[in-house]
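The values are calculated or read from the model by the stated rules, or taken from the named source; none is laboratory data. Computed from a prediction, not measured in an experiment: that's the story for all the values here. No Cβ is skipped: glycine too gets one built from the backbone with ideal geometry, and neighbour counts run over all protein chains shown.
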Amino acid sequence: MSSLLLPQRRKQSISLTALIDVVFILLMFFMLTSSFTKFSAVEMQSSLAASVLSDSKPQLLRLSVDGQLSYAQVALGDSAALTDAALSSEFDASMPTVLQPAAETQVQVIVDALSRMKVLGFTQVTLGKLRPQANAIVGQK
């Protein structure tokens, strides 16, 4: 009976303004924190796997800080502009190859050189240095 005597409350609608604000803030957060760069990976062998797989002497390519490649003290040019014709006279791309970057070389320069070498058909590329006994045999004229 008491419910009959009390005036009926009007149902209040919930304001969606706060919910829309939260959704908008989350949308802006994810838009600003997302990066739209293309992801790519460079496949390469570890030096341990490369030494186990092949008994032939590896070829040594040196990479300078500015991206210049050299082989046996002969400059081959910029790794980005490297062509198949420039490499065919120097060495075989199917043989094991060690890419030795200079100490101050930026990672992006190394990745660019490795990507270019993959495009040119290098199948056995290792990043690192040769052991002292191999250094006397390979890359010296």
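Among residues of the stretch 7-23 being of a type outside the set (D, E, K, R) and not in a loop (DSSP other than H, G, I, E, B), the one that is farthest from the chain's Cα centre (by Cα) is Thr17. Number of residues in the stretch 52-66 that are among the small types (Gly, Ala, Ser) and modelled with pLDDT of 85 or more equals 1.
For the stretch 97-123, filtering for residues that are assigned to a loop (DSSP other than H, G, I, E, B) and either under 14 Å from the mean Cα position of the chain (by Cα) or under 11 Å from Val65 (Cα atoms) (or both) leaves 5. Name the residue that is modelled with the lowest pLDDT, counting only residues in the stretch 69-112 that are touching a helix residue (DSSP H, G or I) at 6+ places or on another chain (Cβ under 8 Å) and surrounded by fewer than 17 Cβ atoms within 10 Å (Cβ to Cβ). My answer is Ala80.
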